[in-house]
1. Restricted to Cα positions, what overall size does region 513-629 have along the principal axes? Three whole-Å values, descending.
2. Residues of region 424-452 with amide nitrogen under 19 Å from the 7 Å Cα-to-Cβ point of SER483?
3. Work out the P(r) tail for region 735-786: percent of alpha carbon pairs separated by more than 14 Å, whole number.
4. Compute the relative contact order of the chain as a whole-number percentage, counting only Cα pairs closer than 8 Å that sit 6 or more residues apart in sequence.
5. Using the scaling law 2.2 N^0.38 Å as the reference, what is the normalised Cα Rg of region 482-556?
6. Tell me the Kirkwood radius of the chain: reciprocal of the mean inverse pair distance over distinct alpha-carbon atoms, in Å.
7. Have a look at region 33-86 and give its Rg and Dmax from the Cα atoms, expressed in angstrom.
8. Can you list the trypsin sites (Lys or Arg not before Pro) in region 434-505 that are in a DSSP coil and have 13 or fewer other beta carbons within 10 angstrom?
Amino acid sequence: MFQKEPFFSFQSDLEFEEDSPEFLPLFSKQEEDEINKLRVPDELPLLTLRNTVLFPGVIFPITVGRDKSIRLIREANKKDKIIAVVSQRNPDIEDPEFDDLYKIGTLAQIVRMMRMPDGSTTVIIQGKRRIEIQELTQSNPYLKARVKAMPDDKFKEDKEYKALIESIREISQQIINLAPNIPSEAAVAIKNIDSSSFLIHFVASNLNISVSEKQLLLETKNAQKRAEKVLEYLTKELQMLELKDQIQNRVRTDIDKQQKEYFLQQQIRAIQEELGGESPDKEIQNLREKGNEKKWPESVHTHFNKELDRLLRVNPAAPDYSVGLNYVQLLLDLPFETYTKDNFDLKHAEKVLDEDHFGLDKVKKRILEYLAVLKLKGDMKSPIICLYGPPGVGKTSLGKSIARALDRKYVRMSLGGLHDESEIRGHRRTYIGAMPGRIIQNLKKVGSGNPVYVLDEIDKMGRDFRGDPSSAMLEVLDPEQNSTFYDNYLELDYDLSKVLFIATANSLDSIQPALLDRMEIIEISGYSMEEKIEIAKKYLVPKQRKAHGLKSTDFTLTDKAVEMIVEQYTRESGVRGLDKRIASLARNIAKNKAMGDAYVKKLQPAEVEKILGAEKIEPEVYENNDVPGVVTGLAWSPMGGSVLFVESTLAQGKGNMLVTGQLGDVMKESVSLAKTFLKAHSDYLDIDNRVFDEWDLHVHFPAGAIPKDGPSAGITILTSLASLFTQRKVKSHLAMTGEITLRGKVLPVGGIKEKILAAKRAGIKEVIMCDANQKDVEDINPGYLKGMKFHYVSNMLQVLDLALTDEFAGNPIDLMEPVRKKQRQEEKEAKTPKVS
């Protein structure tokens, strides 16, 4: 409770000023009443305190250090010894001004002034009553202020208040008995205080609380509320002291118990040695011998021996012993300088990659380049590759093929849903149950320092209050930093530069930009129909034959059958769904063979439909161009490409616009852009600008349950609006994709291969896109584009010239009728004479 000893006596080697009182009495009830009746001077010298608060009646010494304060004390001591005392808000301010001070202080009397042996001045002051500082009247040579008295609120001392005072007295006595640093004189002082107000002030002054909390007590005008707050602080202090006392007693008991266990362990050790068992010392010696034989850096070896030396000093029964033992076992198991030998046969690597995966030429080329440089140079930092594309295109399985091609070990770590940074960096060994991060754990498991390490679903890492694992991955995936990767559990630098990291992702949007910058992005786009047929014949059918115990003659599929499965039973960019459907066919064949039933070995489309049933997926097909305002667009998602229809219609109104279809902000802005551009270029399409004010526009994107966003539907939306307001049909079997600007420029978009494959599946024959996307089309195998024509444009007027035909709808809407009707009405009103 007490921050300092109460001032009752003084040492004899101090040099006192003359006329000092011989003793320092306690503040009695009678004296308190007399002081409260005295008049407070209007102006007083103002002494500022840094780290404490002076309460009425309380006496304590202050060492005066500032020149202003020394001069104030000396002059006041020569006069009536009455001063005003107030605390500073910030103790670091050397020369405080009015705003730096609290406004409630204490009227005080200088009791004694002393010159200390070191030359400093100490003054003993006693608080008399509370005052309010109104304003500063003097700054030099010391502060003076205008003050006024601040009496307590009047109240009657009832039973509750008396009980509060007795509780404060009793708890203070208990604290003094529990705390060894508080002198016994404090108990005598508290017992002899007869004034309830002074008791509260005396205890509050010695409470172990902050200056602001003490100041709040001083400013409280209601004595009962002040007593309740002091009792609250006292109760907390008593609980803390009792808890400390319990802990000390428990520690004392634990030490006695540990000593007993130590002697028992020594006896057990002696018995084990007699029985021929291995003692802890022998176990540590075996670990040291293994460490001497292991190939690792000298610094790690030195650290390992230090840990063993520390284990020798630890009691084998102590928890620290098992923690330390697990740690040195990890050091022994980690492959610090253990590497597998790479197979530099490039022909072999190319053959393995082609055996396992069809297509994926960019990835295969990059791996062969890496292997070639490694063969020529002998040493090279491994690239950090990120394979990015829709699900089911073979990103994860490609890592296993690369490991087989290089003759390296393979390890995969799934990052989907990972939200704890310690999963990457590990926990500190001070925690119970601490473990190394999963990077180090997997390297220990695989036993090689240069495996192919697949970081699966890197775009699906989470982030919460436990940390940001994507930020921890920055060090792992930076070739300049990962040679000294630091794991919190390992507490050593570990070299990851020889590890070939391959990350996989479905979308780049959710990957942190800094992490994205460290990786070499290789896009793996969806497969065309021709590619899926080849993959099914070369990989999926043989795989399912093997999985279901069938021979090559038992189960085969024609190209038409595979094509039917792809078109009518799957809708995907990859081949995962196709693999499941082929597995269903293989199970049916296996059942028939096992039961001895007759079955068709080479399946045609009819047999496929009979086995798989009628659960067909409605194919995305081109819709006719009979209705103006309906245009076919192309969309992309992490699942691949798809056809997106834009529908727009008009209703007589006041020029309002409604957009539906669960759209994001970017797509809504594209609709507004398209309408503004159309109004600005209405003359080009022979549209009367007045029609925009007479018709309400509704633009809808079908499949309303699916969220949609992005700028690539810009030219599709504008074509839809242009077709609607001109009532002209859109060219047959035409689709388009591209972003627009307010000036009418067409900008390039992404996902071109997936979009074109989706267009081909839907029966589209012509595609309009930005001329900057021509390079993306040229990357696609020309065989997959047979029967398709591409138009490359740079502005919207070119799009409209290509997309709109001169043919009008069957029943065109007369958009000018409301305009003419309004014009006739206005003319009629103009001719009608006005009655004044």
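The values are calculated or read from the model by the stated rules, or taken from the named source; none is laboratory data. Keep in mind the model is a prediction, meaning the values are calculated, not measured. Here the Cβ is made from the backbone with ideal geometry for all residues, glycine too, and neighbour counts use every protein chain on show. With ligands, DNA and RNA removed, areas are computed over all heavy atoms of the protein, side chains included. Shrake-Rupley method; radii C 1.70, N 1.55, O 1.52, S 1.80 Å.
1. 58, 50, 20
2. It comes to 449-451, nothing else.
3. Values: 691 of 1326 pairs.
Of the Cα pairs, 52 percent sit more than 14 Å apart.
4. Details: 1410 pairs, mean separation 61.2, N = 836.
7 percent.
5. 1.84
6. Working: mean 1/r = 0.0271 Å⁻¹.
It is 37.0 Å.
7. Taking only Cα atoms of region 33-86, I get Rg and Dmax of 12.1, 35 Å.
8. Details: sites: ARG438, LYS444, LYS445, LYS460, ARG463, ARG466, LYS498; in loops: ARG463, ARG466, LYS498.
Passing both the DSSP loop test and the Cβ count: ARG466.
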